[in-house]
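Here the structure is laid out as structure tokens; the discussion comes afterwards.
Values in this text are rule-based calculations from the coordinates and carry no lab data. Keep in mind it's a predicted model, so treat the numbers as computed, not measured. We place every Cβ from the backbone using ideal geometry, glycine too, and count neighbours over all the protein chains shown.
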Amino acid sequence: MSETVLNVILIIVILGLMVANFFVRKAKMERSALGRVVTVLDELRYNEKLTGAAATGQKIKKFRTKRWMSNQYKIDFVPTEIVKKLTKAYEAIVGINVQLDRAIKTGADIHLVGVDPASIKGTVTDAQFELREWLRTNMDNPALQPKNKGILGSLFGGGGGLFGGKR
């Protein structure tokens, strides 16, 4: 084999490791305490955007609840007051989704008349603000961080790997 072919193979392997590292780190982050909070916050941001849809004439879409449903009992380290606000916001979100499901199921636009996503904007915005502020305060808390640095981090110094590095 020529040197060019070996170089191309080496580059492909390195790029493959980098892509794998990205996905491993992302998965570890989402499973960490901090990651669970971040995913709920991202979902709230998306949902907040949807609260303004009707006012701008856009089609009303269902709100997302998957991240909250999977993480609501896994964020017990977040202060109770904030969790109560999150719960209240998601109860309102689920209420709107139920109304949307009813309208979709019957195919009647008459059911959409009473659906007002803007009515929950304050609740969603408040919960998002509180969670974001808590996250800013606790971002550097080592107990909430992912435990490993990923494949490449372990090899190249992220955890005292092959090339030394501090933990």
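Cα centroids of region 1-19 and region 33-64: how far apart, whole angstrom?
41
Take the cross-link list Lys59/Lys84; Lys85/Lys105; Lys84/Lys105; Lys59/Lys105 and give me the ones stretching past 24 Å between alpha-carbons.
The pairs that break the limit, which is 24 Å between Cα atoms, are Lys59/Lys84; Lys85/Lys105; Lys84/Lys105.
Can you tell me the FRET efficiency between Arg136 and Lys105 if r is taken as the Cβ-Cβ distance and R0 is 45 Å, rounded to the nearest 0.05?
0.65
Please name whichever of Gln72, Ile60, Leu50 sits farthest to the positive end of the charge dipole of region 33-145, dipole taken about the Cα centre and charges placed at Cβ: Lys and Arg +1, Asp and Glu -1.
Ile60
What ranking, highest mean first, results for peptides 117-125, 136-144 when packing means the other Cβ atoms within 10 Å averaged over each residue?
117-125, 136-144
With a 10 Å radius around each residue's Cβ, average the other Cβ atoms per peptide and rank 129-135, 7-13, 89-95, highest first. Mind dumping the intermediate values first?
On the way: 129-135: 16.4, 7-13: 10.3, 89-95: 19.3.
Order by mean packing, descending: 89-95, 129-135, 7-13.
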